[in-house]
Amino acid sequence: MATKREYTNGEVTVVWEAKKCVHSGICFRGLPEVFRPRLRPWVKIDASNTDTIINQVKQCPSGALSYYLNDSPKKVTSTSDTKVEVLKNGPLLVHGDLTVALKDGSTILKNKTTAFCRCGFSNTKPFCDGSHSKKGFVG
């Protein structure tokens, strides 16, 4: 499976990075006519208008979904304010630009939304990989 796919309607291009996806379901619960995980291709970009698609992509908790406007340089939007959100039975989300200092001393720059593991089961700690849903995490 390709780790990165792009879907465009001519105005906006939605980028999906499979490795970042925590399968929260926010995309398809919020806009099921566009995000259809059981079908291929799973993104039906022409099923809604550009503004609605952008607003839903911005809700992605892991940053697996991003977008860029086709008449602009390929620059994914990011937020400047930082917000922390606790998802019920899921990860801790940090919305905004941040630097993550890892235990080995290295750092990673993150933008948009970053999902941090709260359950302890993730294989990509400190980041969430969706393991909480398979393990029945409650929190």
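The numbers here are math on the coordinates, done by the rules we state, and not lab data. Because the structure is predicted, anything quoted here is derived from the model rather than measured. All Cβ positions, glycine included, derive from the backbone under ideal geometry; neighbour counts span all protein chains shown.
Given a Förster radius of 41 Å and the C-beta distance between Asp104 and Arg5 as r, what FRET efficiency does 1/(1 + (r/R0)^6) yield to the nearest 0.05? Don't skip to the answer; put the middle values down first.
Working: r = 31 Å, r/R0 = 0.75.
For R0 = 41 Å, the calculated efficiency reads 0.85.
Only helical DSSP H runs with n ≥ 4 go in: add -39500 (n - 2.57) per run for the chain, normalise by residue count and round the 222 nm mean residue ellipticity to 500 deg cm²/dmol. Each step should come with its number before you reach the end.
Details: 3 runs with 18 residues, N = 139.
Mean residue ellipticity, 222 nm, calculated: -3000 deg cm²/dmol.
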Cut-off 14 Å between beta-carbons: net charge of the residues surrounding Lys20, Lys and Arg +1, Asp and Glu -1: +3
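With a sphere of radius 10 Å drawn around the Cβ of Glu11, what net charge do the other residues whose Cβ falls strictly inside it have (Lys, Arg +1; Asp, Glu -1)?
Details: positive: none; negative: Asp51, Asp71.
Around Glu11, the charge tally is -2.
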Answer label for semi-axes √(5λ) of the Cα gyration tensor in Å (calculated), chosen among (i) 22, 18, 15; (ii) 25, 18, 13; (iii) 29, 19, 10: (ii)
In the range 13-128, lysine pairs closer than 16 Å at Cα, eight or more apart or cross-chain: 18
Gaussian network model of the chain, springs between alpha carbon atoms under 10 Å - residue of Arg29, Arg118, Arg38 with greatest fluctuation: Arg38
Residue order, fewest to most beta carbons within 10 Å, for Ile108, Ile53, Ile26: Ile108, Ile26, Ile53
Residue list for the range 1-43, given a label point 7 angstrom along the Cα-to-Cβ vector of Asp71 and an amide N cut-off under 15 Å: 9-13
Dipole of the chain, positive end: most advanced residue of Thr107, Val34, Asn123 [Cβ charges, Cα centre]: Asn123
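In the neighborhood of Leu102, defined by Cβ-to-Cβ distances under 12 Å, what is the net charge if each Lys or Arg adds +1 and each Asp or Glu adds -1?
So the surrounding residues net to +2.
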